[in-house]
Amino acid sequence: MMEQVYQIDRLLSYLEHDPGNPVLLCNLIHSLLENRRIDEAREWLQKALIHASEDPGVIALQGQFYLGDGDALNAECNFQKLLDLGHTHESVFYNLAYASLLQGNAHKAKDILKSADTPFLQAATCLLLVRCLHQTGDLDEALAALSDVHADEAVLAAQVNGIRALIYLDKEDLQESRQWAEKTMAIDPGNFEALIAMAYCDFSAAELDTASYFFDRVLKIRPDSGRAHLGKGLLMSLSNQQSKAIEHFNQALRDMPEHLGTWNAKAWAEILQGEFKQAEQSLLAARNLEPRFAETQGTLAVVYAVQGKWDQAEKLAKLAMRLDKYAFSAQFAQVLVMENKGDTGTARQRLDAIYQRPVSQNGSLESHIQQFLHRTKP
C-alpha cells in the first residue's frame, strides 16, 4: 500500500511540471482506481480530457468510466472510436462488445468479437463471446467456443461450467444440464447460471418445491432476473395463485420484453383470473412481436371463445392451426369452437389427443390451462 501511495505522489510531482502529459495522466488515473480513490480518479479524468481528449488512453479510460456509470451508449461510442482509429487491442473488442451487450444487442456484440483478426488470449473475452452466441441462439457454436476458454482457476471453471449448464438447458438436454449445474455448484454454490439450470431441470421433472427453492435463490442474487421471475410465475400459476403469477410475469417482461412464452403464460394466468381484456392486451403485445407464433394466435382465440366471441375465435383458431397444428392453444381453441357448434364428441376426442390420455367429461378450463403451463418452456 505504501508503495502505491508513493507511486501516486511521484506521478503528481511529475504532473506539476508537465500537466498535459497523457501518459502520466493515464498512469495516475489507473493508480488512483487501483487504490479505490474513484472520485479523485474522476477529477483527473476531467483534467485529462482538457489536455489530451484525443489520446487513446484517455478515450479508453473515459469509456471505462461510462461503463461503470451504466452509460453503455457513450461507452460504445468511445470504444468504437478507438477501433476506428486502428486500435485493435483485445480490451477494445471486449469493452465495445460488452457495451453493446449491455444495450441488449447480442447480435452486434457477437459480430464485434468475431470481427477480430487474431484469436483472443483472455478467458474473459472468450467467455463473453460464448455468452453472446448463447443469447443469439447459436447454441452449438457457443458450446464449441467454450473449448477456447482456459479455465485454470476455480472461479473461472465455475463460470464455464455454469454457462455450459445453461446452454444445455436451452438445447433441452436436461440430463447434461443438470450434470454441469451440479459440477458448478460443487465449486460455487451461488453460481447464477447453475441455479437457473437446476431450477428449470427440477421444474421439468415436476419437482416443484425444489424448483421454487432454486428460483428464490436466483432472485436473491439477481432480483431482476427475467428467467427466474418467469419460473416463479409459472409455479404460482400452477398452484392457482394467479395474482402473484401475474406480478412475476410482469417482472420477467421488464427484463426480457420480447419473450413470447412469458407474454403467453401471463395471458393464461389472466384468463384464469377472468381478466379477459388484460389477457387480450398481453396477446396483442405478443402478436406485435411475432404474428406467426401459433400459441399467441391460438390463445387469443381462446380469449375470444370464453367471452362468447365465436366468429373471431373460429377465425383465429383456424389461423393458429395453419401455423402449427400441434400447438396446444391452437388445438384447444379449436376444441372450444367445436363444442360451441355442438360437436361435443369430436371435441372430446381432440381434447384426449392433446393430452394423449382421456380427459374427464367435466374437465375445467383451469385444469387444461394448468397442464399447458407445466409444459411452458423457459
Based on the Cβ-Cβ distance from Glu141 to Lys220, what FRET efficiency comes out when R0 is 45 Å, to the nearest 0.05? 0.90
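In the chain, how does Rg compare with the Kirkwood Rh, expressed as the Rg/Rh ratio over alpha carbon atoms? The partial results should precede the final answer.
Working: Rg = 26.6 Å, Rh = 24.0 Å.
Dividing the radius of gyration by the Kirkwood radius yields 1.11.
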Cβ charges +1 (Lys, Arg) and -1 (Asp, Glu), total dipole of the range 49-139, debye: 280
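Exposed loop GluC sites (Glu not before Pro) only (DSSP loop, at most 15 other Cβ atoms within 10 Å): please give the longest stretch of the chain free of them, not including the sites. Could you put the intermediate results ahead of the total?
Details: sites that count: Glu54, Glu153, Glu172, Glu207, Glu258.
For GluC sites (Glu not before Pro) (loop position, at most 15 other Cβ atoms within 10 Å), the longest site-free span of the chain is 259-378.
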Just name one of Thr88, Ser13, Asn35: the one whose Cα is farthest towards the positive end of the charge dipole of the range 8-136 (beta-carbon charges, Lys/Arg +1, Asp/Glu -1). Thr88
Expressed as a whole-number percentage, the relative contact order of the chain with C-alpha contacts under 8 angstrom and at least six residues apart is 6
At 1.4 Å probe radius, can you tell me the per residue accessible area of the range 66-203 in Å²? 47
Taking Cα atoms, how many degrees apart are the long axis of helix 365-375 and the longest axis of the chain, rounded to 10 and kept between 0 and 90? 40
Starting from the Cα gyration tensor of the range 4-75, take the square roots of the eigenvalues, sort them a ≥ b ≥ c, and report rounded, prolate or oblate (rounded when a/c is under 1.5, otherwise prolate if a/b is larger than b/c, else oblate). oblate
Is there a pair in Lys266/Lys318; Lys232/Lys266; Lys315/Lys341 whose C-alpha atoms are over 19 Å apart, and which pairs would that be? Lys266/Lys318
Here, Lys244 and Gln281, labelled 7 Å along Cα→Cβ, have an inter-label distance in nm of 2.4
Relative contact order, percent, the range 229-282 [alpha-carbon distance under 8 Å, six or more residues apart]: 31
State the answer as a single residue: which of Leu73, Ser100, Gln175 lies farthest towards the positive end of the charge dipole of the chain, with beta carbon charges of +1 for Lys and Arg and -1 for Asp and Glu, about the Cα centre. Gln175
If the reach is capped at under 14 angstrom between alpha carbons, list the aspartates and glutamates near Lys183, excluding any in the same chain fewer than eight residues apart. Glu193
About the Cα centre, charge dipole magnitude for the chain (Lys/Arg +1, Asp/Glu -1 at Cβ), debye: 1700
Return the aspartates and glutamates within reach of Lys171: Cα separation strictly under 14 angstrom, same-chain partners fewer than 8 residues apart disregarded; answer none if there are no such residues. Asp138, Asp140, Glu141
Label zone at Gln103 (point 7 Å along Cα-to-Cβ), backbone N below 17 Å, the range 190-229: none
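How large, in percent, is the carbon and sulfur part of the accessible surface of the range 43-163 at a probe radius of 1.4 Å?
Heavy-atom surface of the range 43-163 belonging to carbon and sulfur, 1.4 Å probe: 51 percent.
The values are calculated or read from the model by the stated rules, or taken from the named source; none is laboratory data. Note that this is a predicted model, so its numbers are computed, not measured. Reconstructed Cβ throughout: ideal geometry from the backbone, glycine too, with neighbour counts over all protein chains shown. Calculation scope for accessible area: heavy atoms of the full protein, side chains included, ligands and nucleic acids excluded. Shrake-Rupley method; radii C 1.70, N 1.55, O 1.52, S 1.80 Å.
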